[in-house]
Structure formats: C-alpha cells, structure tokens
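The values are calculated or read from the model by the stated rules, or taken from the named source; none is laboratory data. Given the structure is predicted, the values throughout are model-derived calculations rather than measurements. Here Cβ is always computed from backbone atoms with ideal geometry, including for glycine, and neighbour counts include all displayed protein chains. Surface accessibility is based on the protein's heavy atoms, side chains included, excluding ligands, DNA and RNA. Shrake-Rupley method; radii C 1.70, N 1.55, O 1.52, S 1.80 Å.
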Amino acid sequence: MIGDVGRQLVLGLGGTVDFELRWDALVFEKLAREHGVRRDELTATAPIVDERSLLVTILAFVAVGTGAERFVASSEVVEQFASHFSFDVTLGGTGVRAGLVLDSLGFPSVQHLVSVDDNVRRLLPARITILSSAVNDTLDPHLIVQYPVGAKVRLLDGDVVSPAANRLIFANDPPNREMAIAASLPDALATASAFLISGFNTMQDHDLLERRLDDILLAMRRMPTDALVYYEDAGFYTRDFAETVRARLLSYFDVYGMNEDELQEYLGHAVDLLDAPDVVRALRKIQEIIPVPALVVHTRYWAIAVGADAERHRDALESAVRVAATRYRLGDGFTAAQAEATADMDRHRSGARLVSAVEASMPDAAGVPAYALDIAQPTTIGLGDSFVGGFLSAYA
C-alpha cells in the first residue's frame, strides 16, 4: 500500500536481475577456440539459440563498438554462458536503475515491477516503494556484457578489437514479455509528479501488448494533469511494436528519450555525432517520426532536446548528463556529493561545439555537452538509465 506521501515519482514498468560479466578477453578467446569461431562469420542478426551463437553475436558487436539488446532462446543459455566468467548480480531495467540513481541523490520513488525474488528484496533500497504484479518469485537473469575501448579477442582468422566502449544485453524474460500491470498502479499515479514508462521493448505478443497499453491508459486517467510523462525508448525485439506503442500513447508523452543507437536504428543509417549538419538532419527527421513536446537524444558527446518544450528541460538535461557521467566514472553507489563534484570536470569540447551549432540551426533545440572523462575502467552499463534518473531528479 502507498501511504500519503504527497507527489511522487512513479517508475516502470519492469525490472530485471542482471548478471554483469567482468570482461575477460582470455575467457572469450578460450570459448572462441572451443567453438571454432572465425572472424568472417561474425553477425549480429542471427538467432541466439545456444552458447556459440551468443558468443558470435557478442563478438560481432564488439568488432564495431556498438551497444544493443537482443533476445535469447532461453534463460539456460544466459546462465551457461555466464558460468564461464566472474560476474556481479545487480538490478536492472530503466525504471529500477533510475530509481537507484534517485535514491543515491536522496529522492524516494515508487517502482512498478513484474517480477520479484530474493535478489530484488536484498538489493532494492528501502527508499523505493515496490508495486508488483508478480504472483510468485521468478528469476530470469539478463546477461550484461560491457567491454572497454581497445578490447582485443584473438580468433582463428584474425583479431576482434573494439573501437569504442559499450554494453550489450541478452535475455529471455517471460515476466517482462508479459508485462502484467499491478492493480495498485492507478492509485500510485493519482499522486504522481512524474511517470516513467519503459519496458515494452521486450514484449513479443502483439495482442497482449495492446491489452497492456489499455491497462496503462486506464491507470493514467488518475494522474494529475500537471504530472510529467517520460517515455524512454529501447531496443525493441520486434521493431513494429515500437510503432504500436507510439500510436496508442504518443499524445500523452511530455518527454521521449532515446540513445544514439536507437536514433540510428530509427533512421536506418549512421549519424556522425560530431558533425552539426548531419546531427541537425537526424534530429529533424526523428522529429517527423516522433512528434512530441520534447524529444531527447542522449549520446556519449552530448544530450539535446528538440521540440516546443525543449528549453523547459534544460536544467533536467544538465542534471541527467552530470549523473550519467558520475556513473561512468564511479559505477554503482555514488553519492549526491560525488555527483555534484562531477559538475566541475571538463566538458567534451567537440560536443560543446556541436551543441552550439545545433542550437544556432534549430530554434527549438536545447542541449548540453557531455563530460570528457579519461577513465581506465569506465562503467558503460546503465548510463542511459542513469541519465533518465538524473533527468527526473529535476522534477522530484
């Protein structure tokens, strides 16, 4: 039950238990030898049905330095692959990680979950109130692979070397595919200052998705008219489902967020993130596809909002970039003081020039440059989720 706590941040829709691998090139090389993996067969588009196909997919993404989220045939494949490595058990999902960030900054939140187990109860802070649609405890871990720039894996016919640091997510998660909505969500939204919607990307049954969207629309009727609705895009397992979500909910979104990978996936081509004319063309095109009051694109170099309400969210963008940079340099468990300390660090000069050029070309754009951080072992997992938490902290 939710007590009389005044206006609150409500975060959803599903959380995960993550197995975060500790990058070990020697283990990858050993597995590649055992499975006879060759560089000329690397692909990021084939179905992931066993340990070998998972390995091939990971190395394909490492070779080009991009991040992604992909479906795996079973949780057993995830657990078998993880067993070869050292890994940390953490909590994931955009809403959960945003809530963890808010907790670090001193803000409580209400978290909507679709699965719970002892890991969740052990790792979720007391300042986060749980709303759960789960009937029984379940565990379907998400495999998180973060790799550093210059990561090198020797294969039979050549080396794989990552041109950039990034993260990959692999999972088969029935509760998140079903995305059951808790009966208590409407009551929680009745006193919400903001509502974060994310997680529909994992669903694979279109009729079920339509029913869940019905549930969300019904729950949102209870929301105060001035509550902020933030929707964070993600790597949809079935791309057409993203269009279904937009068709049903787009008119309710105040802010629509996405990262650079998702931007380029929508556009169908690469974008030079430090070339102002290319970025302006990309932002104008994505505005045509997703017309909302504030469309936020967050990248490793900058974060820019475009739309009629973009300027309204400049302080939130600043907070979001600072918090994401703090996670990048410190990982989990940073404090509000450490996040404040990040504000004194250097910004990315090329990113700053890009933001200035875009703002000069687009009157409805507001942006902030990212930080220029030289970290030996950066955290690349959950940066977008931390960005969302930092953004919402401005409206806590």
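At-a-glance table
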quantity	calculated
Total residues in the stretch 209-240, condition at pLDDT below 95 and among the aromatic types (Phe, Trp, Tyr)	2
Residue check, residue 270 within 30 Å of residue 47 (Cα to Cα), more than 18 Å from the chain's Cα centre (by Cα) and without any contact (Cβ under 8 Å) to a residue 40 or more places away in the chain	yes
Elements of type helices (runs of 4 or more DSSP H) in the stretch 252-351, at least 3 residues being in contact with a Lys or Arg (Cβ under 9 Å, 6 or more places away or on another chain), over 21 Å from residue 394 (Cβ atoms) and modelled with pLDDT of 95 or more	none
Filter result (more than 16 Å from residue 25 (Cβ to Cβ), open to solvent by 20 Å² or more (accessible area, probe 1.4 Å) and at pLDDT 90 or above) within the stretch 57-69	64, 66
Counted residues, the stretch 313-330 - those being crowded, with 16+ Cβ neighbours inside 10 Å and more than 27 Å from residue 149 (Cβ to Cβ)	2
Test: residue in the stretch 2-16 that is under 23 Å from the mean Cα position of the chain (by Cα) and open to solvent by 60 Å² or more (accessible area, probe 1.4 Å)	no
Residues of the stretch 110-145 satisfying the condition of being of a type outside the set (A, V, I, L, M, F, W, C), surrounded by fewer than 21 Cβ atoms within 10 Å (Cβ to Cβ) and in contact (Cβ under 8 Å) with a residue 40 or more places away in the chain	117, 119, 129, 132, 140
Pairs where the first residue, in the stretch 39-56, is closer than 17 Å to residue 238 by Cα and the second is open to solvent by 40 Å² or more (accessible area, probe 1.4 Å) and not in a loop (DSSP other than H, G, I, E, B), C-beta under 9 Å, 6+ apart	44/64; 44/70; 47/71; 48/70; 48/71
Residue in the stretch 331-338 that is surrounded by fewer than 18 Cβ atoms within 10 Å (Cβ to Cβ) and among the aliphatic types (A, V, I, L, M) present	yes
Cβ pairs under 7 Å, 6+ apart, first in the stretch 376-390 and among the polar types (S, T, N, Q), second in a helix (DSSP H, G or I)	379/327; 379/328; 386/97; 386/101; 386/323; 386/324; 386/327
Whichever residue in the stretch 232-252 is free of Cβ contacts under 8 Å to residues at least 40 places away in the same chain, under 25 Å from residue 382 (Cα atoms) and not basic (Lys, Arg) and, among such residues, is surrounded by the fewest Cβ atoms within 10 Å (Cβ to Cβ)	240
Flag if residue 355 is closer than 16 Å to residue 100 by Cβ and either part of a helix (DSSP H, G or I) or open to solvent by 60 Å² or more (accessible area, probe 1.4 Å) (or both)	no
Scan of the stretch 146-158 for residues that are in contact with a strand residue (DSSP E or B) (Cβ under 6 Å, 6 or more places away or on another chain) and either within 17 Å of residue 91 (Cβ to Cβ) or open to solvent by 40 Å² or more (accessible area, probe 1.4 Å) (or both), ordered by number	146, 152
Single match in 179, 203, 223 (criterion: at positive phi, open to solvent by less than 30 Å² (accessible area, probe 1.4 Å) and not hydroxyl-bearing (Ser, Thr, Tyr))	179
Per-region count, the stretch 184-200, residues in a helix (DSSP H, G or I) and open to solvent by 10 Å² or more (accessible area, probe 1.4 Å)	2
